[in-house]
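The values are calculated or read from the model by the stated rules, or taken from the named source; none is laboratory data. Predicted model only: the values in this text are computed from it and were never measured. Cβ placement follows ideal geometry from the backbone for every residue including glycine, while neighbour counts extend to all protein chains displayed. When the accessible area is computed, the model is the full protein with side chains, heavy atoms only, and any ligands, DNA or RNA have been set aside. Shrake-Rupley method; radii C 1.70, N 1.55, O 1.52, S 1.80 Å.
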Amino acid sequence: MLTSILHFDTDLFLLINQDMANTFFDWLMPHLRNPFTWAPLYLFIIIFSIRMYKKRGVIMILFLLATFGAADFLSASVIKPIVKRVRPCNEITLQGEVMNRIRCGSGYSFPSSHASNHFAMALFLIMVYKKRWKHIVWLGFLWAFSISFAQIYVGVHYPLDVLGGALFGSLIGYLFASVFLRIQPENEKSLAH
């Protein structure tokens, strides 16, 4: 059973990494996974949250940073060393098949920390903002999905790495947002701004 799942995972990886190859994705996907690409968005979230929510916004940003930190630490420093899955770009049986669009790196593959981190932040922001800003739901998931998909396309993660990271990150985002909303409930006054 596990062998069949891993075989399917490899086939799906090669479909995305090879068969979907095109010059536009070759240019776009490395940018999507680069944190500097998203720096203006991160800055906007900080400024927007503090301007709109004042003290609650500052606490919100601290919780968002903690959400990111927990997802990153647990995925990269706890789960990856336990699972020890080799990245597809370093997998000996795939040599010559993987299209490496960025430097591979030496770390382990499961789960994708990019997926963990961004789904954690996306779910946190969705839960915190959804009452007031309905579009955050699809925008947040689209943002996290696009970064995660890029991980497969550039050759550094399998689809199951990304799925595992997305589920794990969503759990972290849900937990941190639940705690935040319990200690900083959104009242009618904050919704009326």
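With the structure loaded, tell me whether P111 is open to solvent by less than 40 Å² (accessible area, probe 1.4 Å), touching a residue at least 60 places away in the same chain (Cβ under 8 Å) and either in a loop (DSSP other than H, G, I, E, B) or farther than 20 Å from A177 by Cβ (or both) or whether it fails that test. In short, no. Note on the range 140-193: among residues that are part of a loop (DSSP other than H, G, I, E, B) and surrounded by fewer than 17 Cβ atoms within 10 Å (Cβ to Cβ), the one that is modelled with the lowest pLDDT is A192. Among the residues of the range 63-81, those identified as open to solvent by 60 Å² or more (accessible area, probe 1.4 Å) and out of contact with any Phe, Trp or Tyr (no Cβ under 9 Å at 6 or more places or on another chain) are L65, F73, S77. In the range 22-101, counting only helices (runs of 4 or more DSSP H) that sit wholly within it, the ones holding 2 or more residues that are farther than 22 Å from H118 by Cβ span 39-73. Tallying residues that are of a type in the set (D, E, K, R) and either closer than 30 Å to Y108 by Cβ or surrounded by 15 or more Cβ atoms within 10 Å (Cβ to Cβ) (or both) within the range 39-62 yields 1. One residue stands out among those in the range 1-53 that are among the polar types (S, T, N, Q) and either touching a Gly at 6+ places or on another chain (Cβ under 8 Å) or without any contact (Cβ under 8 Å) to a residue 24 or more places away in the chain (or both): the one that is nearest to Y158 (Cα to Cα), which is N17.
Within the span defined as the range 29-38, one or more residues are under 16 Å from L125 (Cα atoms) and either out of contact with any strand residue (DSSP E or B) (no Cβ under 7 Å at 6 or more places or on another chain) or at pLDDT 95 or above (or both).
Taking the condition of a type outside the set (F, W, Y), farther than 23 Å from W143 by Cβ and touching a His at 6+ places or on another chain (Cβ under 9 Å), does R33 pass? No: the conditions fail for R33.
Counting residues in the range 87-94 that are without any contact (Cβ under 8 Å) to a residue 12 or more places away in the chain, open to solvent by less than 70 Å² (accessible area, probe 1.4 Å) and either of a type outside the set (G, A, S) or over 24 Å from Y129 (Cβ atoms) (or both) gives one or more.
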